[in-house]
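Structure first, commentary second.
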Amino acid sequence: MQIRHRTAAAVALLALSLPLPLAGASAARAAPAAAQDTRVSGPELPRPTGRFAVGQEDLHLVDRSRTDPWAHSGPRELMVTLRYPAERGTGGAPAPYMSTEEARLILADHGLDGAVDPAAYAATRGHARTAARPVQGRYPLVVLSPGFTVPRATLSSLAEEIASRGYVVAAVDHAYESAATAFPGGRVLTCLACEQAEGPGGREAVTEVRARDTSFLLDRLTGRHPAWQRAGLIDPTRIAMAGHSIGGASALPAMAADQRIRAGIDMDGTLPEPYPAAGIGGRPFLLLGSAASVPGDTPGNWAGPWRHFDGWKRWITLDGSDHFGFTDFPVQRDQLGLPHPEAPLPGARAVELTRRYVSAFLDRHLKGQDRPVLDGPSADAPEARFHDPS
C-alpha cells in the first residue's frame with residue numbers, strides 16, 4: 001500500500017500526490033468543534049449546472065451491530081450529507097462547508113498550518129441550502145465516499161452538481177478515517193485508522209470496512225424503516241457508488257458484496273487486491289484518473305484489474321491533473337493563491353471535467369440516457385485521454 005508522505009512546505013493541497021495512493025497521516029488530537037466564522041470570506045465552489053436547485057441535510061447513523069474497527073470499542077458511526085433536487089427560492093441559509101476546528105486539523109494534517117487561514121478554508125461557499133423544499137419524484141441514489149484522511153466535504157462541488165441533475169447524493173464520512181470529522185455531542189473524530197492501516201493489507205482492510213459501511217447506509221436509506229425523512233425521494237432500484245482515492249477503490253468491494261449497487265466509479269484510487277473472486281457480474285465501472293494514472297506496470301496501476309471488468313468499462317485520465325484533482329481542492333487552491341506547478345489544469349476546468357464524465361456515466365447507467373462523451377475523445381475536452389490496455 002502506498003502512503004503519501006506529508007510535507008511541511010506551504011504548497012498546494014494538491015501537490016501532495018502520488019499515482020493512485022492511499023494517503024497516510026498521523027492522527028491529530030481531537031478538540032471540541034468550533035463554530036464556523038461566517039465573517040471570513042472563503043473560496044466559492046462553481047455553481048451546479050443542472051436544472052434543479054439543491055437541498056442539503058446531515059444525518060448521523062449508528063450501526064450497533066458492529067464494534068468500530070479502528071476505535072475497537074463502541075458502535076460504528078457514519079456522518080452523511082444528503083443532497084437532493086429542490087425547488088428554487090426555497091430553503092434557509094447556504095449549508096456550511098465545515099467547522100473552523102475541522103479545517104484547522106485538516107490543514108495541519110497536510111502541512112498547511114500557517115499557510116492557509118482555517119476560518120477562510122472552513123468558509124468555502126457551496127450552493128446547496130438547508131431545509132430546501134424537494135422537487136417531488138423518485139431519483140437515483142449516488143453514494144460518495146471521500147479519500148483517506150479527508151472528509152466528505154471535499155466532494156461538495158461534485159455532489160451539488162449530481163443532485164442538480166436529478167439525483168439524491170449521500171456523501172459519507174467513515175468514522176476515524178479522516179483527519180477531522182465533527183460528530184454529534186461536540187466530538188471531532190480524528191484518524192485512528194491512519195497508523196492501523198499502514199503496511200500490507202491496509203488498503204484492503206479500509207475498503208472492506210467501507211463496503212460494510214455502504215451496505216449499512218443503503219439499509220438505512222432504502223429499508224422498510226428509513227432513517228432519513230426524505231427517503232421517499234430515492235429509487236432503490238437505481239443506485240451507484242463513486243468515490244475519490246480509497247473511497248473510489250471501495251466501490252469495487254462494495255459492489256461485489258451488495259447487488260443493490262448497479263454501477264461504480266473510482267476516481268484515482270488504487271484498487272484492492274486481489275480482484276473479487278465473484279466479480280461484479282458485468283456491472284459498469286468507470287476509472288477516472290489523474291495524469292499519472294495511465295496504463296503501466298507501477299504498483300497499484302489499474303492495468304491488472306482492468307482485464308477483470310467484464311461489463312461496460314472506461315479508463316479516462318485528465319492531463320494536467322493530480323491526485324486531488326477530482327475534489328474541491330483545485331478550486332480552493334486557485335482562489336487561496338496556493339501554487340500548483342505539478343498540476344497546471346485550472347481548478348474550474350478540473351471541476352468541469354470531473355462533473356462531465358461522472359454525470360455522463362450516471363446518466364447512462366442509472367437513467368438509460370445516451371451520453372456520447374463517454375464513447376471516446378472529443379475536441380472540446382483535449383485534456384481527457386481514453387485508455388484500453390486489453
Packing-wise, with mean Cβ within 10 Å as the measure, how do 83-93, 143-153, 235-245 rank, highest first? 143-153, 235-245, 83-93
Total formal charge among the other residues, if their Cβ is under 15 angstrom from that of Asp375, Lys/Arg +1 and Asp/Glu -1: +2
Is the shape of the chain rounded, prolate or oblate, going by the alpha carbon gyration tensor and its root eigenvalues a ≥ b ≥ c, with a/c under 1.5 for rounded and a/b larger than b/c for prolate? rounded
Which residue, Tyr357, Pro330, Gly269, has the largest displacement toward the positive end of the dipole of the chain when charges sit on each Cβ (Lys, Arg +1; Asp, Glu -1)? Tyr357
From the phi of every residue in the range 49-61, what ³J(HN,Hα) in whole Hz does the Karplus formula 6.51 cos²θ - 1.76 cosθ + 1.60 yield, where θ is phi - 60° and glycine or proline is x? 9, x, 7, 9, 6, 10, x, 9, 9, 9, 9, 9, 10
Fraction of antiparallel bridges per DSSP, the chain only, in percent to nearest 5: 50
For the range 288-304, take each phi angle, set θ = phi - 60°, evaluate the Karplus expression 6.51 cos²θ - 1.76 cosθ + 1.60, and give the result in whole Hz per residue in order, putting x for glycine and proline. 10, x, 6, 4, 7, 9, 6, x, x, 10, 6, x, x, 5, 6, 4, x
Given H placed 1.01 Å from N in the peptide plane, which residues other than close sequence neighbours of Arg76 have an amide H under 5 Å from its amide H? Asp63, Arg66, Asp68
Between Arg88 and residues 5 or more places away or on another chain, the pairs with built amide H atoms under 5 Å apart involve Ala53
Given Cβ point charges of +1 (Lys, Arg) and -1 (Asp, Glu) and nothing else, what value in debye, to the nearest 20, does the dipole of the range 13-387 about its Cα centre take? 1400
Packing-based ranking, highest mean first, of 284-294, 359-369 given that Cβ atoms within 10 Å are counted: 284-294, 359-369
Add -39500 (n - 2.57) for each DSSP H run of 4 or more in the chain, then divide by its residues: what number comes out at 222 nm, to the nearest 500 deg cm²/dmol? -6500 deg cm²/dmol
Got a sec to turn the phi values of the range 232-246 into Karplus ³J(HN,Hα) couplings, 6.51 cos²θ - 1.76 cosθ + 1.60 with θ = phi - 60°, whole Hz, x for Gly and Pro? x, 6, 8, 8, x, 8, 10, 10, 10, 10, 9, x, 10, 6, 4
Once Lys and Arg are counted +1 and Asp and Glu -1 for all other residues with Cβ under 12 Å from that of Thr81, the total becomes -2
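No lab work stands behind these numbers, since they all come straight from the coordinates. Just so it is clear, the model here is predicted, and its values are computed rather than measured. FYI the Cβ positions are ideal-geometry reconstructions off the backbone, even for glycines, and counts take in every protein chain you see.
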